[in-house]
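A.B. asks: Submitted below is the structure of interest, expressed as structure tokens.
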Amino acid sequence: MYRQKINDFIKQRRYPVFNLKAAFFDMDGVLFDSMPAHAEAWVKAFESVEVPFTSYQAYMQEGRTGNGTIDDVFQSEKGRLATEEEKTLIYSTKSRIFEQIEAVRVMPFALPLLEKIKAHYVQIVLVTGSGQPSLLDRLEVYFPQIFERERMVTAFDVKKGKPHPEPYLMALEKAHVKPWEAVVVENAPLGIASASDAGIYTLAVNTGILENEVLVKAGANAIFSGVEDLYNQWNQLFFGE
């Protein structure tokens, strides 16, 4: 079923034959089970400046840069963009609260999936809207010899974060591949929209609180119930095993 979806996608886009050379991975909610902590930190940070914000909104905003999230919320709640001082205050508060929350878990089956992909000589590229130093620093600890700095796209690298296609267009450049030579693994609507607009086949792992329909509407080409589900089907999908 999923393989046929890939073939249909290639035909609809009028691409050459699909040839997997690179896999682009989001971080929060895909590699780390970090979204509950992010949501709690965002809610409390906005609370500190008396701006209403919910956990559901945090999941809907996932993937956007910190400044982008703050501006979007301020535009909705106050009818204006946040000042630089407000952005600095809110994001520093959010980061401090995040660091105080219990340690973030590695998403089950994330490392085995990455190792399986690497064993087939497929490039692995990180594409995240995060600028949270603690998570970026943990990549080598929890995913040793998987990621290389020159094959990462983070909040520090882009001018326009997700849902703009820039992060995934930059990933294509860094991997030196075409859209029909890559696949994206995402869990968030904004990240899915970014990858879809970059013309890349996008797999959604629903590891959060959003409905599947939200991910489909954002542009997901296939939905998996979690990283384990994707791990179990990856070889059949892409390596014919």
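The values are calculated or read from the model by the stated rules, or taken from the named source; none is laboratory data. All figures in this text were calculated on a predicted structure; none of them were measured in a lab. Here the Cβ positions follow ideal geometry from the backbone for every residue, glycine too, while neighbour counts run over all protein chains shown. Heads up: the accessible areas ignore ligands, DNA and RNA and are worked out on the full protein's heavy atoms, side chains in. Shrake-Rupley method; radii C 1.70, N 1.55, O 1.52, S 1.80 Å.
A.B. asks: Sort all Cα-Cα distances of segment 98-234 into consecutive 10 angstrom bins from zero, then give the percent of pairs in each bin up to the one containing the longest distance.
C.D. replies: 12, 41, 42, 6, 0
A.B. asks: Could you order PHE18, PHE143 by accessible surface area, starting with the largest, using a probe radius of 1.4 Å? Walk me through the numbers on the way to the answer.
C.D. replies: Details: PHE18 30, PHE143 0 Å².
Correct descending sequence by accessible area is PHE18, PHE143.
A.B. asks: Specify the longest stretch of the chain that does not include any exposed loop site, a site being one of the trypsin sites (Lys or Arg not before Pro) with a non-H, G, I, E, B DSSP assignment and at most 10 other Cβ atoms within 10 Å. Walk me through the numbers on the way to the answer.
C.D. replies: Working: sites that count: ARG14, ARG80, LYS159.
In short, 160-241.
A.B. asks: Would you kindly state how much longer the chain becomes between GLU84 and VAL106 on full extension, computed as 0.36 nm times their sequence separation minus their alpha carbon distance, in nm to one decimal? Mind dumping the intermediate values first?
C.D. replies: Working: separation 22, 0.36 × 22 = 7.92 nm, distance 3.31 nm.
My answer for the length gained is 4.6 nm.
A.B. asks: D for segment 1-75, whole µm²/s, Stokes-Einstein with Kirkwood Rh over alpha-carbon pairs at 4 °C and 1.567 mPa s: what number? Write down the numbers at each step before the final one.
C.D. replies: Details: Rh = 15.2 Å.
The Stokes-Einstein estimate is 85 µm²/s.
A.B. asks: At a probe radius of 1.4 Å, what is the per-residue accessible area of SER95, in Å² to the nearest 10?
C.D. replies: Counting only protein heavy atoms, the figure is 30 Å².
A.B. asks: Something else now. Within segment 72-126, which GluC sites (Glu not before Pro) sit in a loop by DSSP and count at most 10 neighbouring Cβ atoms inside 10 Å?
C.D. replies: On the way: sites: GLU77, GLU84, GLU85, GLU86, GLU99, GLU102, GLU115; in loops: GLU102.
Those satisfying the criteria are GLU102.
A.B. asks: Still on this structure: Carbon and sulfur together cover what percent of the accessible area of segment 136-188 at a 1.4 Å probe radius?
C.D. replies: Details: 1410 of 2660 Å².
Exposed carbon and sulfur together represent 53 percent of the surface.
A.B. asks: Give a quick list of GluC sites (Glu not before Pro) in segment 197-239 that DSSP marks as loop, anything other than H, G, I, E or B, with at most 12 other Cβ atoms within 10 Å.
C.D. replies: Qualifying residues, ordered by number: GLU211.
A.B. asks: With 10 Å bins from zero, work out the P(r) of segment 105-166 over every alpha carbon pair and list the percent per bin.
C.D. replies: Whole-percent P(r) values from 0 Å outward: 19, 50, 30, 1.
A.B. asks: Another question, if that's okay. For segment 13-76, which GluC sites (Glu not before Pro) pass both filters: DSSP loop (anything but H, G, I, E, B) and at most 15 other C-beta atoms within 10 Å?
C.D. replies: Within segment 13-76, the qualifying GluC sites (Glu not before Pro) (loop, at most 15 other Cβ atoms within 10 Å) are GLU50.
A.B. asks: What pairs in LYS118/LYS174; LYS21/LYS94; LYS44/LYS87; LYS5/LYS116; LYS94/LYS178 have C-alpha atoms more than 26 Å from each other?
C.D. replies: Numbers: LYS118/LYS174 17 Å; LYS21/LYS94 37 Å; LYS44/LYS87 14 Å; LYS5/LYS116 22 Å; LYS94/LYS178 37 Å.
Where the Cα-Cα span goes over 26 Å, the pairs concerned are LYS21/LYS94; LYS94/LYS178.
A.B. asks: May I pose another question? For LEU20, LEU89, give the ranking by accessible area with the largest first, probe 1.4 Å.
C.D. replies: LEU89, LEU20
A.B. asks: For a Förster distance of 51 Å, can you work out the FRET efficiency between the beta-carbons of VAL49 and SER225, rounded to the nearest 0.05?
C.D. replies: Details: r = 37 Å, r/R0 = 0.72.
Given R0 = 51 Å and the Cβ-Cβ separation, E is 0.90.
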